[in-house]
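Q: Quick one: this structure, given as structure tokens, is what I'll be asking you about.
The values are calculated or read from the model by the stated rules, or taken from the named source; none is laboratory data. The model shown is predicted, which means the values in this text are computed figures rather than measured ones. Cβ coordinates were reconstructed from backbone atoms using ideal geometry, including for glycine residues, and neighbour counts include every protein chain displayed. The protein model used for the area step is the full one, side chains on, heavy atoms only, and it has no ligands, DNA or RNA in it. Shrake-Rupley method; radii C 1.70, N 1.55, O 1.52, S 1.80 Å.
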Amino acid sequence: MGPGHVRSLDLEEDAKAGDAVESGDRSNRHVRPARPEDREGMARVHVETWKTTYRGIVPDEHLDRLTVESDLRRGFGSWLGAPPPEVAAFVAEAREPGVVGFAVGGPNRDEDLRFTGELGAIYVLKEHQGRGLGRELVSHVARHLLDHGHTSMLCWVLEANTSRGFYERLGGKVVRREVRPAAGTRLPEVAYGWDDLSRLLSR
Ligand SMILES: CC(C)(COP(=O)(O)OP(=O)(O)OC[C@H]1O[C@@H](n2cnc3c(N)ncnc32)[C@H](O)[C@@H]1OP(=O)(O)O)[C@@H](O)C(=O)NCCC(=O)NCCS
């Protein structure tokens, strides 16, 4: 997961975002900029979603070792208070249990002239998937990247991860294939690219 950065959207934006996801939905799900105090909630989403998504894709021993405590000990989210330039994190929140998803975006960590922005991480708890939160999180990252002059974006995903369908649904095209370090081993990954972020926002 890439480093993150808190960038406060204005209140009006928040309110709109609050209404955007299934307005009237009792659980009041909405997306907002992440705050340092969201660290533990984000780590819980990270750990639980890795276990529900990657069983059979990454080594069992890696998944079994993942805990919220080990994530926090390794500094997960410690950057939320003082982030690197142009990096932002957003959380999806529900009345219960609080943080149910998050995404991080910023400059592409690989030198890449074609895709200067990157969606570094996105996770939504299994029981909250399929309700538009993923799309809303990506929209927040895309708006943030556009605000910082990035009109294109890349995102790496494990080749065997069925969430690839999500990126394709949002108009992403496969632009790279590489075997990369992941989960303590090396696994085949593909990168989805968006040449024009404003088009992603209008989908
Ligand atoms: C991938 C993920 C972030 C998507 O978030 P989500 O909240 O479930 O997605 P949304 O409800 O916003 O879906 C947006 C659209 O994508 C489609 N979609 C979502 N997941 C999909 C999938 N796996 N395959 C095909 N289409 C998918 C939805 O049907 C929806 O289509 P619509 O606009 O026609 O209604 C979420 O499922 C997740 O966290 N998965 C596990 C972790 C993971 O793989 N993260 C990415 C690591 S690279």
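Q: Applying the selection to segment 94-141, what residues are small (Gly, Ala, Ser), crowded, with 24+ Cβ neighbours inside 10 Å and either more than 10 Å from the ligand (Cβ to nearest atom) or modelled with pLDDT under 95 (or both)? Write out each step before concluding.
A: Within segment 94-141, the first condition is being small (Gly, Ala, Ser), and the residues that meet it are 94, 98, 101, 103, 105-106, 117, 120-121, 130, 132, 134, 139.
Cutting the leftovers down to crowded, with 24+ Cβ neighbours inside 10 Å gives us 101, 103, 105-106, 117.
The answer is GLY105, GLY106, GLY117.
Q: So which residues in segment 85-142 are of a type in the set (Gly, Ala, Ser) and not in a strand (DSSP E or B)?
A: First, the residues of segment 85-142 that are of a type in the set (Gly, Ala, Ser): 88-89, 92, 94, 98, 101, 103, 105-106, 117, 120-121, 130, 132, 134, 139, 142.
Once the filter is applied, which keeps residues that are of a type in the set (Gly, Ala, Ser) and not in a strand (DSSP E or B), segment 85-142 yields GLY130, GLY132, GLY134, SER139, ALA142.
Q: Kindly list the number of the only condition in (1) touching a residue at least 24 places away in the same chain (Cβ under 8 Å); (2) out of contact with any Asp or Glu (no Cβ under 7 Å at 6 or more places or on another chain); (3) within 14 Å of the ligand (Cβ to nearest atom) that fails for LEU154.
A: (2)
Q: Pull out all pairs, ordered by first then second residue, where Cβ-Cβ is under 6 Å, the residues are six or more apart or on different chains, the first lies in segment 169-180 and is touching a residue at least 12 places away in the same chain (Cβ under 8 Å), and the second is open to solvent by 40 Å² or more (accessible area, probe 1.4 Å).
A: GLY171/ARG203
Q: Search segment 106-120 for residues that are within 13 Å of CYS155 (Cβ to Cβ) and among the acidic types (Asp, Glu) and pair each with any residue that is open to solvent by less than 50 Å² (accessible area, probe 1.4 Å) and part of a loop (DSSP other than H, G, I, E, B) when their beta-carbon atoms are under 9 Å apart and the residues are at least 6 apart or on different chains.
A: Hits for this filter: ASP112/SER152; GLU118/GLY2; GLU118/ASN108; GLU118/ASP112; GLU118/HIS150.
Q: Of the residues in segment 169-183, how many are over 24 Å from PRO59 (Cβ atoms), open to solvent by 50 Å² or more (accessible area, probe 1.4 Å) and in a strand (DSSP E or B)?
A: 2
Q: Considering only residues that are within 17 Å of VAL47 (Cα to Cα) and part of a loop (DSSP other than H, G, I, E, B), which ones fall in segment 61-84?
A: LEU66, THR67, ARG74, GLY75, PHE76, GLY77, listed by residue number.
Let's see how each residue does on (1) surrounded by fewer than 18 Cβ atoms within 10 Å (Cβ to Cβ); (2) in contact with a Gly (Cβ under 6 Å, 6 or more places away or on another chain); (3) part of a loop (DSSP other than H, G, I, E, B):
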{"residue": "VAL157", "(1), (2), (3)": "no, no, no"}
{"residue": "THR162", "(1), (2), (3)": "yes, no, yes"}
{"residue": "TYR167", "(1), (2), (3)": "no, no, no"}
{"residue": "ARG203", "(1), (2), (3)": "yes, yes, yes"}
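Q: Does segment 83-93 contain at least one residue that is within 16 Å of the ligand (Cβ to nearest atom) and either within 20 Å of LEU66 (Cβ to Cβ) or more than 15 Å from the chain's Cα centre (by Cα) (or both)?
A: So far as segment 83-93 goes, yes, one or more of its residues are within 16 Å of the ligand (Cβ to nearest atom) and either within 20 Å of LEU66 (Cβ to Cβ) or more than 15 Å from the chain's Cα centre (by Cα) (or both).
Q: Residues of segment 158-189 being of a type outside the set (Gly, Ala, Ser) and within 10 Å of the ligand (Cβ to nearest atom), which ones?
A: LEU158, ASN161, THR162, ARG164, PHE166, TYR167, GLU168, ARG169, LEU170, GLU189, listed by residue number.
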